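Below is one structure; the comments refer to it alone.
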Amino acid sequence: MTVDGQPVDAARPYLFNDRNLNHYRRALVDGIDRVASRVGRTERPFSGVSPAPLAHEISAVDLDRPLHDTAAALDELEEVYLRDAVYFHHPRYLAHLNCPVVIPALLGEAVLSAVNSSLDTWDQSAGATLIERRLIDWTAGRLGLGPYADGVFTSGGTQSNLQALLLAREETPACGRAVVITSAAGHFSVRKAAKLLGLGPDAVIEVATDADRRMRPDALARDLDRCRREDRPVMAVVATAGTTDFGSIDPLPEIADLCAQDGVWLHVDAAYGCGLLASPTRRHLLDGIERADSVTVDFHKSFFQPVSSSAVLVRDGAVLRHATYHADYLNPAGQRTPNQVDKSLQTTRRFDALKLWLTLRIMGPDAVGELFDRVVDLAADAWALLAADPRFEVVTKSQLSTVVFRYLPKNIGLADEANLYAREALAASGEALVAGTRVDGRHYLKLTLLNPETTPDDIAHVLGLLAGHAERYVDARIPAHAR
Ligand SMILES: *Cc1c(COP(=O)(O)O)cnc(C)c1O
């Protein structure tokens, strides 16, 4: 086998090593070219494909018959994946918390997977461990967690929340019937974590929120009181800095005061809102976060990083010992090298931190924060557009970059169906993607804006499409004489 006329190791051409560097360069550049040409031709965020035909094509691939050819495999990949993928770089992808990614991070991804360091122990990573630690220190510094802070990169906010609650539980005396308090707008991963930790089905208490979907400190105080009277230890209050649906930031200073009074662990889930840490203009929205015992940050949401890139931070690094186990072959007790496995729920672990490192070293934090600022501004524009449009009703004004709204049909009884239909019809057209959610039992639509390239015109265009779909649905159900 030759690549560009250069020989590769005939016996083992696929192994990444010094003899196959031409193959390595060529294969990656080919792959990058395919992605680039696909992105260059992408006019819509989605093809609108439905699962059945795609499943048919994918099951027709015979995995026991290799193609032995990179170009042929990439041709096939075009059909089974690239052609119909959902493209987050597209300005009319407005659905979930998926960001367009920055190029320095893509470079990091290519480097980290080739070198393939594993961040469990020093002897599998060397400098990678130290780079991760620097980034944890940098993040803790931006959070203001103080001199003893520490943390570790994780696979995502779900794992970060789980680990934080594990630590909180271990720090809670007599945690038999322990409860976790979060707001009704908190993330479902808090419930999942409670279940994984073996807490009972009634272990998560939902505090009421105000009209802006922020946790109400007076309601929290009452819930804390009630738990005290019922002799149920509160192992953590989980405040959310950027709720997934409403972009609301719980009142952190007031919540921190209540937690301090009762000696309760405060976890702040900033999976979404962490982008404010880099914002040149809006960092103050996170004021109070410096009083948290633990914090979740998802760089793969508001730092424009590819999945996965997340971390859990703690005020007192010593608590991470609750995640420490010793294996003779890996990190024997008493060893003096820095072993991140001592702080992590994972063992073998990707060097995801490299993506953030290159992002900060090439772009710098202000440039990242400006991207996030831009989408927060855009959400305010989108809210204003909707508030002025009689076809729609818009819910609370987000502090971040979501907008929750619904189409209001002439026959209000059809509102739920019409909004569900409009969202699906829009997705099937591939013209744009928006999300759906429920507010007080009713179906709403949601824009999650994370693309600084999206313009108010894009949003106006998508609202027109949604209204058109919803109107057609309603018209087909109201007899002509009653319209
Ligand atoms: C997305 C999100 C999570 C979960 O994070 P993953 O990275 O998807 O696991 C947790 N909390 C909030 C507030 C989120 O928005």
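The values are calculated or read from the model by the stated rules, or taken from the named source; none is laboratory data. What you are looking at is a predicted structure, and each value in this text was computed from that prediction instead of being measured. Don't worry about glycine lacking a Cβ; one is built from the backbone with ideal geometry, like all the others, and counts go over all protein chains shown. Note: accessible area is taken over every heavy atom of the protein model, side chains too, but ligands, DNA and RNA are not part of it. Shrake-Rupley method; radii C 1.70, N 1.55, O 1.52, S 1.80 Å.
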* Asked: Inside the stretch 398-483, counting only strands (runs of 3 or more DSSP E) that do not spill past its ends, which hold 3 or more residues that are surrounded by fewer than 24 Cβ atoms within 10 Å (Cβ to Cβ), outside the structural domain of Pro53 (by TED's automatic domain parsing) and more than 24 Å from the chain's Cα centre (by Cα)?
  -> none
* Applying the selection to the stretch 256-295, what residues are in contact with a strand residue (DSSP E or B) (Cβ under 8 Å, 6 or more places away or on another chain) and hydroxyl-bearing (Ser, Thr, Tyr)? -> Tyr272, Ser294
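Does Thr209 satisfy the condition of being polar (S, T, N, Q), within 16 Å of Leu266 (Cα to Cα) and in the same structural domain as Ile181 (by TED's automatic domain parsing)?
Numbers: polar (S, T, N, Q): yes; within 16 Å of Leu266 (Cα to Cα): no; in the same structural domain as Ile181 (by TED's automatic domain parsing): yes.
No; evaluated as a whole, the condition is false for this residue.
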* To do: Out of the residues in the stretch 159-174 that are outside any helix (DSSP H, G or I) and open to solvent by 40 Å² or more (accessible area, probe 1.4 Å), state the one that is nearest to the ligand (Cβ to nearest atom).
  => Glu171
* **Failed item in (1) within 16 Å of the ligand (Cβ to nearest atom); (2) open to solvent by 10 Å² or more (accessible area, probe 1.4 Å), with Glu254 passing the rest** => (1)
* To do: State all residues of the stretch 331-377 that are free of Cβ contacts under 8 Å to residues at least 40 places away in the same chain and part of a loop (DSSP other than H, G, I, E, B); if no residue qualifies, say none.
  => Pro332, Ala333, Gly334, Gln335, Arg336, Gly364
* Got at least one residue in the stretch 302-316 being surrounded by fewer than 24 Cβ atoms within 10 Å (Cβ to Cβ), assigned by TED's automatic domain parsing to the domain that holds Ala193 and over 30 Å from Phe246 (Cα atoms)? -> yes
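If only one of Ala60, Ala73 is of a type outside the set (S, T, N, Q), outside the structural domain of Leu354 (by TED's automatic domain parsing), in contact with a Leu (Cβ under 7 Å, 6 or more places away or on another chain) and at pLDDT 95 or above, which one is it?
Working: Ala60 fails: in contact with a Leu (Cβ under 7 Å, 6 or more places away or on another chain).
Of the residues listed, the single one that is of a type outside the set (S, T, N, Q), outside the structural domain of Leu354 (by TED's automatic domain parsing), in contact with a Leu (Cβ under 7 Å, 6 or more places away or on another chain) and at pLDDT 95 or above is Ala73.
Condition test on Asp84, is it in contact with a Ser or Thr (Cβ under 8 Å, 6 or more places away or on another chain), open to solvent by 70 Å² or more (accessible area, probe 1.4 Å) and farther than 20 Å from Phe299 by Cβ? Don't jump to the end; show me each part of the working.
Details: in contact with a Ser or Thr (Cβ under 8 Å, 6 or more places away or on another chain): yes; open to solvent by 70 Å² or more (accessible area, probe 1.4 Å): no; farther than 20 Å from Phe299 by Cβ: yes.
Criteria not met by Asp84.
Taking Asp328 as the residue in question, decide whether it is part of a helix (DSSP H, G or I), among the acidic types (Asp, Glu) and either surrounded by fewer than 18 Cβ atoms within 10 Å (Cβ to Cβ) or more than 12 Å from the ligand (Cβ to nearest atom) (or both).
Numbers: part of a helix (DSSP H, G or I): no; among the acidic types (Asp, Glu): yes; either surrounded by fewer than 18 Cβ atoms within 10 Å (Cβ to Cβ) or more than 12 Å from the ligand (Cβ to nearest atom) (or both): yes.
For Asp328, the condition - part of a helix (DSSP H, G or I), among the acidic types (Asp, Glu) and either surrounded by fewer than 18 Cβ atoms within 10 Å (Cβ to Cβ) or more than 12 Å from the ligand (Cβ to nearest atom) (or both) - is not met.
Under the condition of being within 23 Å of Gln163 (Cα to Cα) and open to solvent by 10 Å² or more (accessible area, probe 1.4 Å), which residue from the stretch 228-244 is nearest to the ligand (Cβ to nearest atom)? Steps first, please.
Of all residues in the stretch 228-244, those within 23 Å of Gln163 (Cα to Cα) come to 232-244.
Narrowing the set further to residues that are open to solvent by 10 Å² or more (accessible area, probe 1.4 Å) leaves 232-234, 244.
Values: Arg232: 24, Pro233: 24, Val234: 20, Thr244: 4 Å.
Ranking the candidates gives Thr244 first.
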* Is it the case that the stretch 136-154 has a residue that's within 16 Å of the ligand (Cβ to nearest atom), out of contact with any His (no Cβ under 8 Å at 6 or more places or on another chain), open to solvent by less than 40 Å² (accessible area, probe 1.4 Å) and among the polar types (S, T, N, Q)? -> yes
* **Scope the stretch 117-158; condition among the small types (Gly, Ala, Ser), in a helix (DSSP H, G or I) and touching a residue at least 40 places away in the same chain (Cβ under 8 Å); matching residues** => Ala128, Ala140, Gly157
* Failed criterion for Ala382 (all others in (1) open to solvent by 20 Å² or more (accessible area, probe 1.4 Å); (2) in contact (Cβ under 8 Å) with a residue 24 or more places away in the chain; (3) among the small types (Gly, Ala, Ser) hold) -> (1)
* Does at least one position in the stretch 93-103 carry a residue that is within 30 Å of Leu426 (Cα to Cα) and among the hydroxyl-bearing types (Ser, Thr, Tyr)? -> yes
